[in-house]
Structure formats: C-alpha cells, structure tokens
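Down below is the structure, laid out as structure tokens.
A short reminder: the numbers here are calculations on the coordinates, not readings from a lab. The structure presented is a predicted model; accordingly, all values stated were derived computationally and were not measured. Backbone-built Cβ (ideal geometry, glycine too); neighbour counts: all protein chains shown.
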Amino acid sequence: GNSVTQMEGPVTLSEEAFLTINCTYTATGYPSLFWYVQYPGEGLQLLLKATKADDKGSNKGFEATYRKETTSFHLEKGSVQVSDSAVYFCALITNAGKSTFGDGTTLTVKP
Amino acid sequence: DAGVIQSPRHEVTEMGQEVTLRCKPISGHNSLFWYRQTMMRGLELLIYFNNNVPIDDSGMPEDRFSAKMPNASFSTLKIQPSEPRDSAVYFCASKASTYEQYFGPGTRLTVT
C-alpha cells in the first residue's frame, strides 16, 4: 500500500535558521504531494503542493520539490520565524483519491 | 466561504453513550473525508465519500463506528457505544475536483 515517511521530530531551531523536514513516499502510479501545517488547536491547512515530477510548490517562504527519482518531497525554508512553530504533515493523494499522511513533525522555533 | 464546519467543537461523554459528530463540507466540493488524530496513532483516515457514496471505509476501526452522507452538504460520524479509547480529535475534510483537501477545525471527543 501507499506510505509516507517523515523525519522524526521534534525539531527545535533558533529564529532565522534554515529548515529541512524530510519526506519520502511509496505509492503506485503518480500521486500528488502536499505539505500541510497544523497550528495548536486548529485543523490542518494546506501549505503547498506539487502534482507532477519536478514541480516545485512554494508558499510563505516554504518550498518543496517533487523528486520522483528519489520519491521525496522535502520541505525547506531559508529563515524560520517563531510563528512557524507548528506540526507539519507530508501527504500524498493518488489519482483514485485516496490520501495518506505522514506522522507529522513538530517544529519549535525559539527567539 | 465559511470553510468546512464541524460540530460540536468539544464533546465529553460517558462510556457506552452514543456520540454523533457532524460535518458540513465546503459548498461545491464532491469528496468528504473523516480523520481521527491521536498522539499515539497520529492522523488516521477513517472513511471517505465521493459524490455522497462511501468509497473506502477500511480505516473505520470497528462496527461501533458508522458514517453517513445523506446529501452533498452534510455528513455524520457516529460512535455507538463509545469507549474511552475513542477519545481523539476528529477532523472532517472536503475537496473539489482538484487534489487538495480542506480541513475543518475538528471535534475534540473525550469519553470518560
């Protein structure tokens, strides 16, 4: 079956540090890939997406590139802020509409 | 757009009671998903509907759980009887023909 493996957390960084959260996936066919963010007490919000190989999704300074050769979709940000503290989920959705989420990675950014 | 609406936001009930969670998807969306989130198991897909029809309910933990979608604007997730291990945050999400899902704020269920 399909699976998404995320870098284990928690991740703690100082403000303005570089962020990478690794995500690899296993799926048949050509899934679409997503990063969602969850702030405390809230639902998941779509952060960015990529629907085909070599696509780069970007939003709010975050980026991720769909790498089919390595089945990866790593999340990066050049300079994190305290307000980026949240739980980040990598996810895939197949053409049939079935979704699979990673376990989530908790990011804490300290001033 | 109001987004996905879930009710109640918080529910506390005693073991053995029936619990009904409600969801109103975004207007025009044709797929609806129910998830459960716990510290131990993370985010789990319970069931999803396409055009009001259940497509995959393999994530429903057991027969105590049931979900319905009588029309395009309403869905329920029912637990009968509830047990303490059902305590979790339950999310509803919907999507249109594009791939991204939009999540509701969740219902925090506590079963004592």
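Does region A:96-105 hold any residues that are at negative phi and at the interface with chain B (Cβ under 9 Å from one of its Cβ atoms), and which are they?
Those that are at negative phi and at the interface with chain B (Cβ under 9 Å from one of its Cβ atoms): A:A96, A:K98, A:S99, A:T100, A:F101, A:G102, A:D103.
Determine which member of the set B:T76, B:T107, B:T112 is in contact with a Leu (Cβ under 6 Å, 6 or more places away or on another chain) and β-branched (V, I, T).
B:T107
For B:C23, are the conditions met, namely being more than 21 Å from A:L92 (Cβ to Cβ) and surrounded by 21 or more Cβ atoms within 10 Å (Cβ to Cβ)? Yes: the conditions hold for B:C23.
Each residue in region B:38-53 was checked for being away from chain A (no Cβ under 11 Å) and surrounded by 15 or more Cβ atoms within 10 Å (Cβ to Cβ), and 3 of them qualify.
With respect to the conditions (1) out of contact with any Lys or Arg (no Cβ under 9 Å at 6 or more places or on another chain); (2) within 11 Å of chain A (Cβ to nearest Cβ), B:E62 falls short on a single one, namely (2).
Counting only strands (runs of 3 or more DSSP E) wholly contained in region B:1-110, the ones carrying 3 or more residues that are closer than 29 Å to A:P31 by Cα occupy B:31-38, B:42-50, B:53-56, B:65-71, B:74-79, B:88-95. Assuming A:T108 fulfils every condition listed in (1) outside any loop (DSSP other than H, G, I, E, B); (2) within 14 Å of another protein chain (Cβ to nearest Cβ); (3) in contact (Cβ under 8 Å) with a residue 24 or more places away in the chain; (4) not basic (K, R) apart from one, which condition is it? Of the numbered conditions (1) outside any loop (DSSP other than H, G, I, E, B); (2) within 14 Å of another protein chain (Cβ to nearest Cβ); (3) in contact (Cβ under 8 Å) with a residue 24 or more places away in the chain; (4) not basic (K, R), the odd one out for A:T108 is (2).
Among the residues of region A:74-87, those that are surrounded by 16 or more Cβ atoms within 10 Å (Cβ to Cβ) and either farther than 14 Å from A:L46 by Cβ or within 12 Å of chain B (Cβ to nearest Cβ) (or both) comprise A:H74, A:K77, A:V80, A:D84, A:S85, A:V87.
Residues in region B:25-37 that are more than 11 Å from chain A (Cβ to nearest Cβ) and either aromatic (F, W, Y) or over 13 Å from the mean Cα position of the chain (by Cα) (or both): B:I26, B:S27, B:G28, B:H29, B:W34. Scanning region A:82-102 for residues that are more than 11 Å from the chain's Cα centre (by Cα), of a type in the set (S, T, Y) and assigned to a strand (DSSP E or B) turns up at least one hit.
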